[in-house]
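Everything on this sheet refers to the single structure shown next.
The values are calculated or read from the model by the stated rules, or taken from the named source; none is laboratory data. Note that the structure is predicted; figures quoted are calculated from it, not measured. Quick reminder, even Gly has a Cβ in these numbers, built from the backbone with ideal geometry, and neighbours come from all protein chains shown.
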Amino acid sequence: MNSKIRQGFNYFMLIIVAVATMVGIAIGIGFSSYGVSDASNVASSQFIDVMAPSSPVCVQNGASAVTLDARFFVTFNPFSVYISRPTMQPGCVLRQTNWSILEQNKLVTHEQVQECKDRMNTFGFTGELESSPQIDCLYRNDKAGNFFLSSAK
């Protein structure tokens, strides 16, 4: 009879551990799904999509992005590199097939499009398209890799 009690106790403990695990997973999913939508907490790519300049145009014709503006100073005697504090702001990178949006709104000239296309680059912008955005020809750097996706060592 003592072995039946011990066996029942083991099943009871197994059920408690299983329920606690499921509750823990549910709570974890709840916390990770809840994101505070303010400037101090960028919790998801959806938040970045919403904050992108000309958001509907950007999401349909490119990808929302975070732009970093910084200045680099290099001294040679002694050799040293200094970097200013970066300024972060929402931006958008257009797919090459959708550059016509910029041309139609007379935001870039045909010459700028040809120059950017010749270097196999694309355009990105900050600021709303309707109110003097800052537009740049961007070089895509595939060599940098995505270290968030690489395995942890």
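Summary table
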{"read-out": "Set Gln134, Gln89, Gln96: member being at pLDDT below 90, touching a strand residue (DSSP E or B) at 6+ places or on another chain (Cβ under 6 Å) and of a type in the set (S, T, N, Q)", "value": "Gln96"}
{"read-out": "Options Glu103, Glu128, Glu115: the member that is surrounded by 10 or more Cβ atoms within 10 Å (Cβ to Cβ), within 18 Å of Ala63 (Cα to Cα) and charged (D, E, K, R)", "value": "Glu128"}
{"read-out": "Residue list for the range 76-106, filter: touching a helix residue (DSSP H, G or I) at 6+ places or on another chain (Cβ under 8 Å) and either in a strand (DSSP E or B) or in contact (Cβ under 8 Å) with a residue 60 or more places away in the chain (or both)", "value": "Pro90, Cys92, Leu94"}
{"read-out": "Tally, over the range 1-31, of residues that are at pLDDT 65 or above and among the charged types (D, E, K, R)", "value": "0"}
{"read-out": "Any hit, the range 58-75, residues being β-branched (Val, Ile, Thr), surrounded by 12 or more Cβ atoms within 10 Å (Cβ to Cβ), assigned to a helix (DSSP H, G or I) and at pLDDT 90 or above", "value": "no"}
{"read-out": "Which listed residue, of Gln114, Gln89, Gln60, Gln46, is farther than 13 Å from Ile135 by Cβ and touching a Ser or Thr at 6+ places or on another chain (Cβ under 8 Å)", "value": "Gln89"}
